[in-house]
Amino acid sequence: MNFHFSKHVQEELEERKISRTLLDGVLQAPEQKVPEVKDITCFQSRVYIGGKPYLLRVMVNERVNPPVVVTVYRTKKINKYWREP
(Lines give C-alpha, C1' and ligand atoms only; values in the text may rest on other atoms or scores of the structure.)
Protein backbone atom coordinates (compact mmCIF):
# COMPACT_ATOMS: atom_id res chain seq x y z
CA MET A 1 0.00 0.00 0.00
CA ASN A 2 1.24 3.50 -0.76
CA PHE A 3 1.06 6.24 1.85
CA HIS A 4 1.32 10.01 1.75
CA PHE A 5 3.62 11.52 4.38
CA SER A 6 2.87 14.93 5.82
CA LYS A 7 5.74 17.39 6.24
CA HIS A 8 5.19 17.04 9.99
CA VAL A 9 6.01 13.32 9.82
CA GLN A 10 9.25 13.93 7.99
CA GLU A 11 10.28 16.43 10.67
CA GLU A 12 9.26 14.04 13.46
CA LEU A 13 11.37 11.22 12.02
CA GLU A 14 14.46 13.42 12.26
CA GLU A 15 13.67 14.91 15.67
CA ARG A 16 12.74 11.59 17.23
CA LYS A 17 15.59 9.68 15.57
CA ILE A 18 13.31 7.11 13.94
CA SER A 19 14.57 5.54 10.74
CA ARG A 20 12.44 5.57 7.63
CA THR A 21 13.13 1.82 7.35
CA LEU A 22 11.44 1.16 10.71
CA LEU A 23 8.51 3.38 9.74
CA ASP A 24 8.05 1.62 6.40
CA GLY A 25 8.21 -1.78 8.12
CA VAL A 26 5.41 -0.86 10.52
CA LEU A 27 3.27 0.57 7.72
CA GLN A 28 3.67 -2.51 5.52
CA ALA A 29 3.24 -5.12 8.28
CA PRO A 30 2.01 -3.70 11.60
CA GLU A 31 1.73 -6.09 14.50
CA GLN A 32 -1.49 -4.31 15.44
CA LYS A 33 -3.93 -1.79 14.00
CA VAL A 34 -5.78 0.04 16.76
CA PRO A 35 -8.62 2.54 16.20
CA GLU A 36 -7.77 5.88 17.80
CA VAL A 37 -9.83 9.03 17.23
CA LYS A 38 -12.38 9.66 14.47
CA ASP A 39 -10.62 8.75 11.19
CA ILE A 40 -7.23 7.81 12.68
CA THR A 41 -5.90 4.28 13.04
CA CYS A 42 -2.70 3.51 14.91
CA PHE A 43 -0.38 1.08 13.16
CA GLN A 44 1.96 -0.21 15.85
CA SER A 45 4.78 -2.71 16.26
CA ARG A 46 7.35 -3.57 18.88
CA VAL A 47 10.84 -2.55 17.71
CA TYR A 48 14.36 -2.16 19.04
CA ILE A 49 16.12 1.17 18.71
CA GLY A 50 19.64 1.40 20.08
CA GLY A 51 19.21 -2.05 21.59
CA LYS A 52 16.20 -0.97 23.68
CA PRO A 53 12.58 -2.11 23.23
CA TYR A 54 10.02 0.45 22.09
CA LEU A 55 6.55 0.52 20.64
CA LEU A 56 6.58 2.40 17.35
CA ARG A 57 3.18 4.04 16.86
CA VAL A 58 2.18 5.47 13.49
CA MET A 59 -1.05 7.43 13.22
CA VAL A 60 -2.70 7.02 9.83
CA ASN A 61 -5.82 8.52 8.29
CA GLU A 62 -7.08 5.56 6.26
CA ARG A 63 -10.25 7.31 5.10
CA VAL A 64 -8.44 9.16 2.32
CA ASN A 65 -6.70 7.80 -0.75
CA PRO A 66 -3.79 7.42 -0.46
CA PRO A 67 -3.80 7.03 3.33
CA VAL A 68 -2.02 9.90 5.10
CA VAL A 69 0.57 9.29 7.82
CA VAL A 70 -0.24 11.99 10.37
CA THR A 71 2.45 11.44 13.00
CA VAL A 72 4.91 8.88 14.29
CA TYR A 73 6.50 8.35 17.68
CA ARG A 74 8.15 5.72 19.82
CA THR A 75 7.32 4.96 23.42
CA LYS A 76 8.67 2.73 26.16
CA LYS A 77 5.11 2.37 27.52
CA ILE A 78 4.48 -0.80 25.55
CA ASN A 79 2.03 -2.26 28.09
CA LYS A 80 -0.05 0.93 28.08
CA TYR A 81 -0.79 0.80 24.34
CA TRP A 82 -0.47 -2.88 23.44
CA ARG A 83 -3.82 -4.61 22.94
CA GLU A 84 -4.09 -8.28 23.83
CA PRO A 85 -6.49 -10.23 21.60
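The values are calculated or read from the model by the stated rules, or taken from the named source; none is laboratory data. Worth saying up front: this structure is predicted, and the values here are computed from it rather than measured. As a convention, Cβ positions derive from the backbone with ideal geometry for all residues, glycine included, and neighbour counts pool all protein chains shown. Protein only, heavy atoms only, side chains kept; ligands, DNA and RNA dropped before computing areas. Shrake-Rupley method; radii C 1.70, N 1.55, O 1.52, S 1.80 Å.
Only protein atoms count toward the accessible area here, which uses a 1.4 Å probe; on the chain, the carbon and sulfur part of that area reaches 50 percent. What's the local net charge at residue 39, with K and R +1, D and E -1, over the other residues with C-beta under 15 Å away? Every neighbour counted, the sum reads +1.
Within a straight-line Cα-Cα reach of under 18 Å, residue 7 can be paired with the following aspartates and glutamates, leaving aside sequence neighbours fewer than 8 residues apart in one chain: 15, 24, 62. Solvent-accessible surface (1.4 Å probe) assigned to residue 22 amounts to roughly 50 Å². Binning the C-alpha pair distances of the chain at 5 Å intervals from 0 yields a P(r) profile of 3, 15, 28, 27, 18, 7, 2, 0 %, listed from the shortest bin outward. In the full protein context, the chain carries 65 Å² of accessible surface per residue, based on a 1.4 Å probe and ignoring ligands, DNA and RNA.
Neighbours of residue 25, meaning other residues whose beta-carbon lies under 15 angstrom from its beta-carbon, give a summed charge of +3 when Lys and Arg score +1 and Asp and Glu score -1.
Heavy-atom accessible area with a 1.4 Å probe sorts 19, 45, 6, largest first, into 19, 6, 45. Computed with every protein chain present, the accessible area of residue 70 is close to 60 Å² [probe 1.4 Å].
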